[in-house]
Amino acid sequence: MNNANLQLTDEGKLKHFLSIEGLNHAILTDILDTAESFTSVTDRSIKKVPILRGKTVANLFFEASTRTRSTFELAAQRLSADILNLNINTSATVKGESLLDTLHNLEAMQIDMFVIRHQDSGSAHFFAQHVHPGVSVLNAGDGQHAHPTQAMLDMFTIRRYKQQFENLSVAIVGDIKHSRVARSQIHALNILNTGEVRIVAPPTLLPKQADTLGVQVFHDMNQGLRDVDVIIMLRLQKERMTGALLPSEKEYFRQFGLSSERLQFAKHDAIVMHPGPANRGIEIESSVMDGNQSVILQQVTFGIAVRMAVMSMIVSSGKENP
Ligand code: CP
């Protein structure tokens, strides 16, 4: 699914933010640099700038979320937007209203930006195809396809701790097959010219043709972690598994869980990341999650600045209200 034309203006600026695929090094770097400038807003006593004053942002979360939904809301608030949080469970979608009809009814309320999370791959793209020309769509996670703002906050975290990408070895570990986060991370790491991108997983948790993704594939955790600079752990997405892909969670942890012993295979200053929600004792040991190499909570904090950056770049593209 290539959304390059749909998510960019004729001048090559962001109009929607649907996937990392189709974006280039300059845009990703611009997002990271812009987010850097917003981290100081988050540190101020008055955490507001007027970039989205007069704009209305609607948060439409058809799937559960803690981090993405809250940080999108805080990001919009800190940019001075008006926010509409639609409660899907009490909205007319439960009475059978189609996604398109919900969209058009919300558009009738002069929404400027939609932030959408939906269980169907391609739903954000579908929204972007159907909104009025002056309205923008930000993908907060669609099915197994993409989670681009998560990938960008992960890139921001890596750059903050490691300063560059070219000389890094990054291992993404776990349920790659069902992970929209991993897909978006792999695209972003490759666009940013990361030295080496590894995926570490049992064969049952790899997507088809994993070796065509521009990554090194490992089925042995100790080998996959050897001398890496960054470890990104992923949650087992049991809700997306249709068959028995694993012998047991205990066996999975034994082979692919990140324990303090396993962490020793990585470089001594390797950072440990996880997009959340994390399952302690299934993919990551508590002592590692809370340990001094973990930057998992810093990822959440950086998510606000990165989401502010994406929203502000969309507004400044000058195309959200032609
Ligand atoms: N990383 C992430 O998407 O977390 P939430 O499901 O809590 O938003």
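Since every read-out is calculated from the coordinates, none of them should be taken as a lab result. Keep in mind the model is a prediction, meaning the values are calculated, not measured. All Cβ positions, glycine included, derive from the backbone under ideal geometry; neighbour counts span all protein chains shown.
Separation of the range 1-79 and the range 150-175, taken as the distance between their Cα centroids, equals 19 angstrom. When the C-alpha to C-alpha distance is required to be over 30 Å, the pairs from LYS208/LYS250; LYS15/LYS47; LYS47/LYS162; LYS47/LYS267; LYS48/LYS177 that qualify are LYS47/LYS267; LYS48/LYS177.
Taking a point 7 Å from the Cα of ASP269 along the Cα-to-Cβ direction, the residues of the range 131-162 with backbone N closer than 15 Å to it are 158-162.
Just add up the charged neighbours of LEU297: K/R +1, D/E -1, any other residue whose Cβ is under 15 Å from the Cβ of LEU297. Once all neighbours under 15 Å are counted, the net charge is +1. A Gaussian network model of the chain, with springs between Cα atoms under 10 Å, assigns the largest mean-square fluctuation among HIS16, HIS187, HIS25 to HIS25. Once the chain from SER316 to GLU166 is taken as fully extended at 0.36 nm per residue, the excess over their C-alpha distance is 51.0 nm.
Taking 0.36 nm per residue of separation and subtracting the current Cα-Cα distance, fully stretching the chain between ASP290 and SER260 would add 9.7 nm.
When the chain is treated as a GNM with alpha-carbon contacts under 10 Å, the residue of LEU18, LEU189, LEU168 showing the greatest mean-square fluctuation is LEU168.
Global size of the chain: 19.3, 56 Å for Rg and Dmax (C-alpha atoms, Rg to one decimal, Dmax whole). By the beta-carbon count within 10 Å of each Cβ, the least crowded to most crowded order of ILE186, ILE296, fewest first, is ILE296, ILE186.
GNM on the chain, alpha-carbon springs under 10 angstrom: the most fluctuating residue among THR34, THR204, THR301 is THR204.
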